[in-house]
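See below for the structure under consideration.
Every read-out reported here was derived from the displayed coordinates using simple, explicitly stated rules and does not represent laboratory data. Bear in mind that the values here come from a model prediction, so they are computed numbers and not experimental data. Neighbour counts are summed over all protein chains in view; Cβ atoms, including those assigned to glycine, are modelled from backbone coordinates with ideal geometry.
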Amino acid sequence: MTLTMLNLHQLVVKQIILHHPTQKLFQPIPASDRRRSSKERLTDEKVLPFSAFLTDSFGRRHNYLRISLTEKCNLRCQYCMPEEGVKLTPRGQLLSTSEVLTLAQLFVREGVDKIRLTGGEPLIRPDVLDIITELKKLVGLKTVAVTTNGINLSRLLPKLKDAGLDLINISLDSLVPAKFEFVVRRKGFHKVMESIDKAVELGYNPVKINCVVMRGLNEDELLDFVQLTEKKPLEVRFIEYMPFDGNKWNFKKMVSYQEMLDQIRQQWPNLERLQSGPADTAKTFKVPGFKGQLGFITSMSDNFCGSCNRLRITADGNLKVCLFGNSEVSLRDILRSGASDEELLRIIGAAVGRKKKQHAGMFTISQMKNRPMVLIGG
């Protein structure tokens, strides 16, 4: 952190202390306070406006936490992992269920109101339903979401809904079965399509479809994906191809947001831009008269770092404050050392405080050492 950044972060902390002199910044919240109702917490003047630990030196408030439940996956998507797979972390070094929930509770207590479960493939974790059920009990947590490849989703959906799952993102990179199998190196196209229909049937609206666009592979299907939104409440999200270890990224494979948008507008010139929230990653659009909408995740050509509100915990318990950053802090080791909530929060706050203003840019990050996407959790 530069001196200027450090001063800004200290200023944020100082202002919080000035406005809340009766509450020590690093004082652990007693167990009795953790059980208070949300109404009591909202009306208590001693509760901080937003946690200093989750506020970085640029004033960004991180209220969105992505937790990877497993490194394992039943697909081998080309953009996510090497064809030969990855070396998995020994089971004992992965976060246990109780550790996942302990960390989730701590982050929610500090202001996180949305948690997304990722992987690998989160739905292959045997206790995923139990985790969702327990997360939904956390006071202050508004949204529990899952990103899945959809292979096991249809079978589990009724139980996931009963457990309280709020949002679903399903990965689908081609509408051509043979091409789908080429991209993911496995079969399963019809299972994914069945899962999308089942999610719509059970009332999820919108059902988000994540499509990584790669030149020479699926950029010719953009219009077909947009057509999916005509009669179903889907949000198809076109994701720029991003570099991660083992996926052989190169600039020529990346199809930019602007190029995709131009192609779609040739077919639908009256495409409407929709208003986005301040921390939304997707630039969203709608074809007038269509039931669903589409979005673009422009991480490479037009980053949205300035409004980033996301933190990530990997399956082995490392905190990543930036998807493209290679610095990590092991919350697992700190947790297993018997550290108090106060100590954990100090470590988390220090990591968040070191978060950079933005990632290094597409050409630099393609040369940086980072995990394969499957070991990050997206």
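Laid out as a table, the results:
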read-out	value
26 Å Cα-Cα threshold exceeded, pairs from 87/142; 208/253; 191/232; 191/320; 114/283	87/142; 191/320
Sorted peptide list for 292-301, 279-288, criterion being average Cβ within 10 angstrom, highest first	292-301, 279-288
Residues residue 179 and residue 137, FRET efficiency given R0 of 35 Å [Cβ-Cβ distance, rounded to 0.05]	0.25
Relative contact order [Cα under 8 Å, 6+ residues apart], region 59-375, whole percent	20 percent
